[in-house]
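Taking it in order: structure first as structure tokens, then the write-up.
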Amino acid sequence: MKENEQNTRRDFILDMVRATGIAALGGFMWSAYVDEVTASTLLLRPPAALKEEDFLRTCIKCGLCVEACPYDTLMLATAGDNKPIGTPYFVPRDIPCYMCPDIPCVPVCPTGALDESSVTKDSILDVNTIDMGVAVIDDNSCISFWGIQCDACYRACPLLGEAIAIKYEKNDRTGKHAFLKPVVVNDVCTGCGMCEKACVTEKAAIFVLPREVAEGRAGNYYIKGWDKEDEKRLENASSIKTTTEISKRSAMDSLNDGLEDLYE
Amino acid sequence: MSILWNNYRYLILRRFTQISLMLLYFGANAWGWTILMGNLSSSSFLGIIPLSDPYAALQMFAAGAVLSADLLIGAGIIALFYMLLGGRLFCSWVCPINIITDASAFVREFFNLDHTQKRQPSTRSMRYWVLAVSLIISFALGITAFEFVSPISMVHRGLVFGLGFAWAAMLIIFLFDLFVLKNGWCGHICPLGGFYSIIGKFSLIKVHHNAQNCTGCMDCKVVCPEKQVLFMIDKESLPVLSGECTLCARCIEVCNDNALNFSIRNLTKKQTIGENNENNE
């Protein structure tokens, strides 16, 4: 320090640049890691959880929902689970959500990552408005689709006959029996997973997936013209007209373009 | 027995609070106790009073999360508590990682590694850089950056809810502190420690040094995990004003000359101003 008075400014700048460099490198690796571990969308979250993206930034990982769950359904992801660490999730094949009418796991959430208002109807908690995911059936491994009678999932469903219905079909193979095929009604299913738990096959033929993963989306440009409710979407619809070089003129002019010299 | 108590009284008290807090959290999950539920990130005291980690709340704010009333109240209570009593009280009296890094420092001392490895290759202000980077990443990615890597919550959550691979984090910190950098995690890297250093800058409880009693044995500097805060030893009668002091009180215990003691900030401040005036002017 003493012998190099003129070097202190140089040292200071060098130190700052080095620290910035290390911070940038470390920050880059850190964000790459965090981005990677939060990329999974295949987890089933507790009732009333926000959208995965919002849930990940709002959940403080305190485990109060886990402690409130009387069935030990909910778990916190630990290191080595390859899931966003510390966040609550459940595996219905092990322990499904038993749909407590008072939903004890939700009001205890301190941060609102479990949003009480999303499961409240007419200012009381309504367990049937929960949306944790949707049950999906693999009709290849479901023995009901083979023609063997099994209605385990249908019987296990807390919304019996509403979330899972039984569709009767003629079994052409035998000619005298019926198929009793389970059908999930997506809009009603809460994703509790009691069907998955009840399923008799070795690996469940009916299983719950997050709605984002299980469902497609038709998009705004398809409307059910035969459905009065759906047609209402047209009322406030606006159209976008794109004008390009060739669409400035009428279609007819545009099609006849370049033929002028024929008449000369 | 009285020597044991005299030389380790604060250490024993600290381990007692650390372990009993741990036990209360563990009991909440395992046996349904309701005194302290949750974990160090956020908890509920007696099922009514919310308590939250203010640094986690800050990251959530940076990430653009909607902050609930409970979270703000909880983080406010904790922030105010440490603001008044001493920011890094958390580090040495609550945090479970402290037990690991203290063990590391003990082994280091026992095998005399400090004499072989004198030069510390890193700066203690790194924690403030890590703190800043964590907030930048939180903002950029919309995610609470430190909460997804924090060995503190990983270990504490692990001990309450099931450990998983969190034992590896414990082992890595132990070995890092032992072989790579003395007081490496708590004293150089941990952004939570940095956060509490800033919060506790103006807290009331401080360690006070009385230079008249000091014989200059430097035992306090040997045990101190944040040596730089004890720059006044054997030189000036000053309170340890740096927020980086963890109030672990090891210096008070090892001092045989009654040259270090806890004191309330404002009282000692007046004294030191008076002394300085006498000495300097």
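Here, each number is a calculation from the coordinates, and none is a lab measurement. As the structure is a computational prediction, the values presented were derived from the model and not from experiment. We place every Cβ from the backbone using ideal geometry, glycine too, and count neighbours over all the protein chains shown.
The convex hull drawn around the Cα atoms of segment A:184-264, when projected onto a plane and averaged over every direction, covers 11.8 nm². So what is log10(I(q)/I(0)) for segment A:138-214 at q = 0.24 1/Å, when the Debye sum runs over its Cα atoms only? With no solvent term, the Cα-only Debye profile gives -1.13.
Size of chain A from its Cα atoms: along the principal axes, largest to smallest, the extents are 103, 88, 43 Å.
Under a Gaussian network description of chain B, with springs only between Cα atoms under 10 Å, the residue in B:GLY86, B:GLY200, B:GLY142 that fluctuates furthest is B:GLY142.
Residues B:SER237, B:SER92, B:SER20, ranked from the fewest to the most other C-beta atoms within 10 Å, line up as B:SER20, B:SER237, B:SER92.
In this simple spin-label approximation, B:ASN256 and A:ASN128 carry label points 7 Å from Cα along the Cα→Cβ vector, and these lie 7.9 nm apart. Neighbour counting of Cβ atoms within 10 Å sorts the residues A:PHE12, B:PHE262, B:PHE61, B:PHE161, fewest neighbours leading, into A:PHE12, B:PHE262, B:PHE61, B:PHE161. Of the residues A:ARG173, B:ARG124, the one with the fewest other Cβ atoms within 10 Å heads the list, and the complete ranking is A:ARG173, B:ARG124. Taking one quarter of the surface of the convex hull spanned by the alpha-carbon atoms of segment A:41-132 gives a direction-averaged projected area of 5.6 nm². Binned at 10 Å from 0, what are the whole-percent values of the Cα-Cα distance distribution for segment B:40-132, short to long? For segment B:40-132, the pair-distance distribution reads 13, 32, 31, 16, 8, 0. In the protein assembly as shown, the calculated helix contribution to ellipticity at 222 nm averages -12000 deg cm²/dmol per residue, counting -39,500 (n - 2.57) for every DSSP H run with n ≥ 4. Quick one: net charge of A:GLU212's neighbours, Cβ under 12 Å, K/R +1, D/E -1? Counting the neighbours of A:GLU212, the net charge comes to 0. Between 0 and 90 degrees, the angle of helix B:2-31 with respect to the longest Cα principal axis of chain B falls at about 10 degrees. The H on the amide N of B:PHE262, modeled in the peptide plane, is under 5 Å from the matching H of B:HIS208, each at least 5 residues off or on a different chain.
By the Cβ-Cβ criterion of under 4.7 Å, the unpaired cysteines of chain A are A:CYS59, A:CYS62, A:CYS69, A:CYS100, A:CYS109, A:CYS142, A:CYS150, A:CYS157, A:CYS189, A:CYS199.
Normalised size of the protein assembly as shown, defined as Cα radius of gyration per 2.2 N^0.38 Å with N residues, equals 1.31. On the principal axes of its alpha carbon atoms, chain B extends 54, 42, 42 Å, with the longest extent given first.
Per the Kirkwood formula applied to alpha carbons, segment A:29-86 shows a radius of gyration over Rh ratio, Rg over Rh, of 0.96. In whole angstrom, how far apart do the alpha carbon centroids of segment B:209-223 and segment A:180-249 sit? So the two Cα centres are separated by 73 Å. Axis angle, to the nearest 10 degrees, between helix B:97-110 and the longest C-alpha principal axis of chain B: 40 degrees.
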